[in-house]
Amino acid sequence: MISIAAPEFDLRLTLTSGQVFHWEPDGDAWRGLIGNTAMRVKQRGAELLVPRGCGDLAARYFALDHPLTAIYATFPEDAFSRAALAACRGLRVMRQPRWECLATFLTSAMKQVSHIRGMSLALRTRFGEPVAGSTMNAYPTPGALAEATEAELRGCGLGFRAPHLRETARRIAGGEIDLDALAMRETEELRTELCRLPGVGRKIANCVLLFAYERLDAVPVDVWIARVTRALAPRGGDASLAELETFSRERFGPYAGYVQQYLFHHARVSKTLPAS
DNA sequence: ACCCAGGGGCAAG
DNA sequence: CTTGCCCATGGG
C-alpha cells in the first residue's frame, strides 16, 4: 500500500451515496474494482491508502482534484441545502468508466439502491471476466451482454430492463455508438445521443453525464430529487420533472450536479425533506 | 397484503 | 408538447 493526499474527502460517504454499486466494506477498508483493476482502499485522515502503483488511478476515479471549496461556495443558502452540506462534507462526484456507468444506471430504473447492487453483482458474476487479485469479476463488456439472451439477463433480476440493456450493448459493441468519442461533444448534444439508446431517458442520461462525462452541472431528477426540489421550489408542488430540472440548474448553478448529489444522499439517509 | 424504488416507452389527449 | 398507464422484481 502507498499513501496519497486526499484532503476534503470522505471515502465511505462517496462509495455509499448511490453513484457506484459494487464496493464492499472490508474491516475499516473498502474492496472493489476501478475498471479492471482490483483495489483495496482505506482512508486514514486526510490521506488514502491504495495499492502500490494505483495512486494516479485512484486519485482520478475519486476525483480528488475537484475544487471542493469552490464548489461549496456555490451551494444554496436554504436550511436543507446547508444541512446536506454539513452532513455530506467530503462526498465527491466520481469519474466512472463510461460503459459501466451507463449500463448500471440503465438497470437502475425503478429499483432501490440495494437492488441495483444485486443486479450489478449478478451481471458481473455471470458475464464478467475474472480480475487478478479480486473475487469480483469486471463489469461485463458490451459484447458479452450483447451475446447474452434476454432470458439470461432476466435471470440476473433485470425484469423489463433486460431487452433495453441487451439492445444498448449491441449498438455499442457493433460500433454504432462510441462512448469515448462522444466525450468531446457538448453536453446538450451528448445527452441527445445517450437518450437515443433504448432504456435511456433524460434522468439516466444525466446520471451518465454527471458520473462518467464530468458534466458537473447535469441534474438527474429521480423520485428523491423530485421530492426535495418540489419542496424547495416556490409553487413547486405540481411541477413536472422537466420544470424541476430547469429549476435545479438555475438555482444550483455550475455545480448543480454536485448540489443535487448532496441533497439526494442527505434526503435518503436522514429521511427528511425541506420544510415547505 | 400493500407500497415503493436514482424511469422509460408508448399511446392518447 | 404534456399526461396516463404499463412494464418486472424485491425488500420493507
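No value in this document is a laboratory result; all are computed from the given coordinates. On a predicted model such as this, the values are computed, not experimentally measured, just so you know. Glycine gets a Cβ as well: all are built from the backbone with ideal geometry, and neighbour counts include every protein chain shown.
Peptides A:178-186, A:136-144 ranked from most to least packed give A:136-144, A:178-186, packing being the mean of other C-beta atoms within 10 angstrom over each peptide's residues. Compactness ratio for chain A: Cα radius of gyration over 2.2 N^0.38 Å (N = residue count) comes to 0.99.
Quick one: net charge around A:S17, please, counting Lys, Arg +1 and Asp, Glu -1 for every other residue with C-beta under 11 Å from its C-beta. Local net charge: +2. For the range A:98-212, the fraction of alpha-carbon pairs lying more than 17 Å apart is 52 percent, rounded to a whole number. Backbone phi angles across the range A:163-172, fed through the Karplus curve with coefficients 6.51, -1.76 and 1.60 (θ = phi - 60°), yield HN-Hα couplings of x, 5, 5, 4, 5, 4, 4, 5, 5, 6 Hz in residue order; Gly and Pro are listed as x. Taken as Cα centroids, the range A:9-26 and the range A:86-137 sit 10 Å apart, rounded to the nearest whole angstrom. 3J(HN,Hα) along the range A:6-17: 9, x, 6, 9, 10, 4, 4, 4, 4, 7, 10, 9 Hz, from the Karplus curve 6.51 cos²θ - 1.76 cosθ + 1.60 with θ = phi - 60°, whole Hz, x for Gly and Pro.
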